[in-house]
Amino acid sequence: MTIQCDTREHKQELERIQHQFDSLGVSYFKLKLSVGDYMDINNPYLVIDRKKDLQELCSNVTQQHKRFQNELIRAKEQGIKLIILCEHGADIKELIDVYFWHNPRLDEYDWIISEGKPRKVQKYPKATTGEQLYKSLCTIRDKYGVDIHFCEKKNTGYMIAKILGGID
C-alpha cells in the first residue's frame, strides 16, 4: 500500500501520522489531492478527510459551510467515496456519540458592566450543540454518501491504512 498525503495537510499532524505509517510499514508521499487528505494510490475513489477534533468538524459544517459543501459536491461528482476521520478522542467512538458532545464554546464567558455592575455573559450563546452537529452530520452522510469514523490521535495512521484497505 502506498498512501498519497495531501500537501495542504498541517505539517506537524502529517509528521505524526507519517511516523505511524512508518511503524506499520506503509509507504507514503505528498502530492495535492482534489478532495480530502489521504488516498491509496491503487484506489483513487476512496479518500479520507482527517479532522483534528469535533471543534474543527463543527467549524467546517457551520462557519466554513460553503467551502466544505463544495468539497463534498466535488467528491460526489468525481465518484469519490469520502470518509471523514475525526480524531476527537476516546469519548467519541461513533456518530451517535456526537449527539451527547458538549461544545466547549458554550462554556466561554465575558464580563460586561450592566447598570454599573459586572455581569458574566455567555460569549457564544449560539454555539453549535452536540445535537445540532449530529443532525448536520447525518444530513451530510445521507445527502453526500459520506462515512464518518472516529479515532484517537495515537491510532490515526492505523485507521487511515485500515479504512483504505491496506491492513486488517
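Where a number appears in this text, it was derived from the coordinates with a stated rule and is not lab data. Here the structure is a predicted model, which is why all the values come from computation and not from measurement. Because the Cβ atoms are built from the backbone with ideal geometry, glycine has one as well, and the counts that use them run over all protein chains shown.
List of remarks:
- With R₀ set to 25 Å, the beta-carbon distance separating Q122 from Q55 gives a calculated FRET efficiency near 0.90.
- DSSP loop chymotrypsin sites (Phe, Trp or Tyr not before Pro) with at most 14 other Cβ within 10 Å: longest gap in the chain: 101-168
- Only aspartates and glutamates eight or more places from K32 in sequence, or on another chain, were considered; those with a Cα closer than 12 Å are D6, E9.
- The angle between the Cα long axis of helix 65-77 and the main principal axis of the chain comes to about 20°, on a 0 to 90 degree scale.
- Candidate lysines - alpha carbon under 22 Å from K153, same-chain residues fewer than 8 apart omitted: K11, K30, K51, K52, K93, K162
- Given charges at beta-carbon only (K, R positive; D, E negative), |dipole| of the chain in Debye: 520
- The trypsin sites (Lys or Arg not before Pro) of region 51-118 that DSSP puts in a loop, and whose beta carbon has at most 15 other beta carbons within 10 Å, are K52, K93.
- Simple spin-label estimate for N43 and D91 gives 3.3 nm between the two label positions (7 Å along the Cα-to-Cβ direction from each Cα).
- Axis of helix 130-144 versus longest Cα principal axis of the chain: the two differ by about 40°, to the nearest ten degrees.
- Rounded FRET efficiency, nearest 0.05, which uses the C-beta distance separating D168 from E77 and R0 of 35 Å: 0.65
- 0 to 90° range, to nearest 10: angle between helix 11-24 axis and the chain longest Cα axis: 40
- Beyond 16 Å, the tail of the calculated P(r) for region 21-101 holds 59 percent of the Cα pairs.
- Trypsin sites (Lys or Arg not before Pro) within region 107-168, DSSP loop, no more than 16 other Cβ atoms inside 10 Å: K123, K126
- For the chain, the longest site-free run once GluC sites (Glu not before Pro) in DSSP loop states with at most 15 other Cβ atoms within 10 Å are removed: 1-93
- Fully extending the segment from E13 to Q69 would add 17.8 nm, taking 0.36 nm per residue of separation and subtracting the current Cα-Cα distance.
- Working from Cα pairs under 8 Å separated by at least six residues, relative contact order for region 2-163 is 24 percent.
- The reciprocal of the average 1/r between distinct C-alpha atoms defines the Kirkwood hydrodynamic radius, which for region 51-94 equals 11.4 Å.
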